[in-house]
Amino acid sequence: MSSYPSYSSGPTGGGGLYSSSSTRDDRPADSRDSTTARYSSYSTSNSYSASAYGSTAGNQSSSSGNYGSSSGNYGSSSGNYGGGSSSYGGGGNSYSSYGGGGGGGFGSDRMGGLGAGLRKIDWDLEKLPRFEKNFYVEHPDVKARSDYEIEAFRKEHQMTLVGPNIPKPVTAFSEITFPSYVLKEVLAAGFKAPTSIQCQGWPMALSGRDMVGVAETGSGKTLAYTLPAIIHINAQPLLARGDGPIVLILAPTRELALQIQQECNKFGSSSKIKNCCLYGGVPKGPQARELDRGIEICIATPGRLIDMLETGKTNLRRVTYLVMDEADRMLDMGFEPQIRKIVDQIRPDRQTLMWSATWPKEVQTLARDYMQDYIQVNVGSLSLSASHNVTQVIEMMSNFDKRNRLVQLLDKIEKEDRSAKTIIFTGTKKMADECTRFLRQDGFPALAIHGDKKQQERDWVMNEFKSGSAPILIATDVAARGLDVKDIRFVINYDFPNNIEDYVHRIGRTGRAKTTGTAYTFFTTDNYKQARDLVGILEEAKQEIPAQLREMSFSGGGGGAHPRYGGGGGGRGGSYGGGRGGGGQRYNPYSR
């Protein structure tokens, strides 16, 4: 196998980023976030003797038990992300954000308390300044098309429309009446033609109506709402001192928020539109200063935005264009209470746009509660299905065989194209670290991203992955949400996810924007409950189904129905209970 950079010295020298050999660091756990940075490039010292995954006490273990014990982080005795006693701190610690109170993971305690200081505004619409939100002018060529032609176009592009008086779709950039400064930016970016969601979404968004757009990840949704947002901003009065943003875009993860900001920077530059990206995991000071200077667009994750609102760093009184991107993911992650508190701070006659990859009942309820006479476009099937651009390969095996098979697959991929980008999904942060360790020992340029990593670390890893310096990324589901890397060739499901929806989202990381990709999945007897649902996905996409998997599906594997696609009992909280509770030391992939 050909060699890759070792990453042994890291950007600033020292002992190393992801070094293959580890050096123990036996300092107390409470020192691990000061001079003992996991990445030397961000350490307060320019030299760091411990490797990224190699420090025993500094990064991965603690005598007080970060992943366990009655007082440890991420787990009381009753389990991880939920249970009777509060996790992420336990025993009355103020950081009980992921648990407590009857198993409300991702939303109870601290998360549920976010926004408690925000009062609901009693809006008097008569006293609010008027604003313009309808900018759509139908192109003569579009107006001239017959109903038959429009219906044929929508059918060809798998569009389903809901609502009255929906504008006709456009078929080319020249047919959408963007101002010249916007169209110039689009053409300069090298786009040849609008995507399906853009063809129908742009006329809907520019008409000023509340709208829902449902389309798979990678279909061009971001541009479908950012360009109308720029036009909306340029038609509003200039900001005054103390004004908040005009456009608010809510996103589930910092990665997605940063990617949206990149699009806003690219297409808003000619209009001198300023934006700010708010997300957790980094100091608030720089973000607060950006807000204070005045910005037209705010891209934010719900938690950090509420922090800024409660501390008076910004307000939403000027917001007249609200976007909720990946609404289904925000609800999956438990952000619904925070979303509701945020939207209650915005004038009710705003324009609201909701974008989602799926259309579960929870998202439908949110749309009904906060949108007025909305219109909707769905591109593709509303039932759960995988991209037909992805070849799905299911490999039946035991857990014991996974490691060797992963190495074999990566060897094969390297021989085909050593620059091909690959994402490997694991079920836990612990396994992500373990896979990274053994792959780097075998010479593969693998880096990991998961929730325990600080934002600077995550940014560095993503830059290495995007640039191709480290073409193998190992990720957990939560860390990978919102990642938008367009040239991923392969996805490997090292651990099968807990639900079939996450499987579809995972493999959708490849085969985007009309390209093709391959997804390999390691399926074991431990995953038998998902067998029936997986067979359904494979059948719909006309993929090969292993005989053993089909046999497993007949013997009771899977439930058939998808709770996210038609209700179903049970709350979101309990699904993460159990797991990392108990125990004493935090996991260390180098300990034996």
**OP:** Could you pull out every one of the lysines with an alpha carbon less than 28 Å from that of Lys430, ignoring same-chain neighbours closer than 8 positions?
**Re:** Lys402, Lys412, Lys421, Lys453, Lys454, Lys466, Lys486, Lys529
Subject >> Spatial separation of Cα centroids for region 436-505 and region 249-264, in angstrom >> reply: 18 Å
**OP:** At a Cα cut-off below 19 Å, give the lysines reachable from Lys542, other chains included and same-chain residues fewer than 8 away excluded.
**Re:** Lys514
Original post:
Can you tell which of Gln261, Ile230, Thr314 lies farthest toward the positive end of the dipole of region 140-379, using +1 and -1 charges on the Cβ of basic and acidic side chains (Lys, Arg; Asp, Glu)?
Top reply: Thr314
**OP:** Name the shape class, rounded, prolate or oblate, that the alpha-carbon gyration tensor gives for region 240-347, where a ≥ b ≥ c are the square roots of its eigenvalues, rounded holds for a/c under 1.5, and otherwise prolate holds if a/b is larger than b/c and oblate otherwise.
**Re:** rounded
Subject >> Candidate lysines - alpha carbon under 22 Å from Lys168, same-chain residues fewer than 8 apart omitted >> reply: Lys133, Lys143, Lys155, Lys192, Lys221
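Just so you know, all these numbers are worked out from the coordinates, no wet-lab data involved. In this text, all values refer to a predicted model and were calculated from it rather than measured experimentally. Positions of Cβ are backbone-derived with ideal geometry, glycine not excepted, and every protein chain shown enters the neighbour counts.
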